[in-house]
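Here is the structure we will look at, set down as structure tokens.
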Amino acid sequence: MSALNTRQPLATHGLLSLVIPCHNEESVIESTHDRLLQVLTKIGMRFEIIYIDDGSRDDTLARLEHIAAHDDRAHVIALARNFGQQSAMSAGLAHSHGDAVVIIDADLQDPPEVIEEMVRLWRSGIDVAYGRRRSRDGETRFKLITASLFHRLFARLVPHPIPIDTGDFKLIDRAVVDAVCALPEKRRYLRSLVSWTGFRHEPVWYDRQARTAGVTKYNVRRLLMLAADALLISSDAPVRLTWVASLTLGVIGLIAAGKACLFPVDSASISLAALVAVVGLLGSMQTAAVAIVGEYVVRTYREAQGRPAWVVRRAMNGSRRQGSAGDARAA
């Protein structure tokens, strides 16, 4: 029996979960909920909307609890502090119960209307329907260029296929959600983990919109930290690059030694600047190699500690894990 025939009855009467990480989104969260309801009521599936408050310092949590108090399809998971977007999304996946799960940001830059096309692909047998950005309104040229370069570099260095020009906006089948939640690591980069599981992936092209309210939560420092985490968690290429650097320096040294033997020169003619440059290059490469290894050691130590990736302060409206920390399966 084809995937279309086996999934169609479930997709018509099943449950669709939405996972929405929130951090200081008081200016937009009510508009987000209203717009989601307009889209979800057209799809023809039962649905639940899981909001994860990631340690917001504004009125986001109070507004989410007000939404949940008036809509039993809305669930609120309040984390004990700001654990980061990756942990918040992971907590949402662990608390979801849907036959398919959509991850979407709360800021409405990813239009909820695209969810209809994602569900259509899922009904046809696709396991992961991921949003691929055709354009990105409201972004600076610097961010567009750096994001494009990072996505392409990341895709080349990771040992499994990674789609480019994508974010966390995607629909994931329950089998994929269960596979991701079963992974034991605590530090997570979901874009890589979802792709690592395999299954059938298809893009849904869309135009990313400008932020309607609020400000971005990612400054340059946080973006660099996220990029470093993504690369070091998902790939061993940085360590292997130290071998390339070592080989390159070795070849340069052999060439320089051969030139000195064949074309000897007076030692006084050797420039002090050249010596400083060579010593500086060697020192920087050695230091970089130690630093890269140290980054992997730190992440290995964090994993060995076994701390959960998030801690739930309280939950509202039907959560089955009220007041509990993220367990080993979910974290």
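The values are calculated or read from the model by the stated rules, or taken from the named source; none is laboratory data. Keep in mind it's a predicted model, so treat the numbers as computed, not measured. Here the Cβ positions follow ideal geometry from the backbone for every residue, glycine too, while neighbour counts run over all protein chains shown.
Quick one: is L18 modelled with pLDDT of 90 or more and either buried (at least 24 other Cβ atoms within 10 Å of the Cβ) or within 18 Å of the chain's Cα centre (by Cα) (or both)? Break it down into steps so the answer makes sense when it comes.
Values: modelled with pLDDT of 90 or more: yes; either buried (at least 24 other Cβ atoms within 10 Å of the Cβ) or within 18 Å of the chain's Cα centre (by Cα) (or both): yes.
Yes.
Looking only at segment 45-66, residues that are closer than 14 Å to A106 by Cα and either in contact with a strand residue (DSSP E or B) (Cβ under 6 Å, 6 or more places away or on another chain) or outside the structural domain of R123 (by TED's automatic domain parsing) (or both) come to 9 in all. Just to verify a result, which residue in segment 177-189, among those that are out of contact with any strand residue (DSSP E or B) (no Cβ under 6 Å at 6 or more places or on another chain) and part of a helix (DSSP H, G or I), is nearest to G131 (Cα to Cα)? In this case the residue turns out to be V180.
Okay, residues lined up against (1) within 18 Å of the chain's Cα centre (by Cα); (2) on the phi > 0 side of the Ramachandran plot; (3) not hydrophobic (A, V, I, L, M, F, W, C):
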{"site": "H66", "(1), (2), (3)": "no, no, yes"}
{"site": "H70", "(1), (2), (3)": "no, no, yes"}
{"site": "A74", "(1), (2), (3)": "no, no, no"}
{"site": "A80", "(1), (2), (3)": "no, no, no"}
{"site": "F83", "(1), (2), (3)": "yes, no, no"}
{"site": "Q86", "(1), (2), (3)": "yes, no, yes"}
{"site": "L93", "(1), (2), (3)": "yes, no, no"}
{"site": "G98", "(1), (2), (3)": "no, no, yes"}
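Scanning segment 38-56 for residues that are small (G, A, S) and closer than 20 Å to V119 by Cβ gives a single hit, G44. One residue is enough: does segment 131-141 have a residue meeting the conditions assigned by TED's automatic domain parsing to the domain that holds R187, closer than 26 Å to G198 by Cβ, small (G, A, S) and at pLDDT below 90? Yes; the residues of segment 131-141 include at least one that is assigned by TED's automatic domain parsing to the domain that holds R187, closer than 26 Å to G198 by Cβ, small (G, A, S) and at pLDDT below 90.
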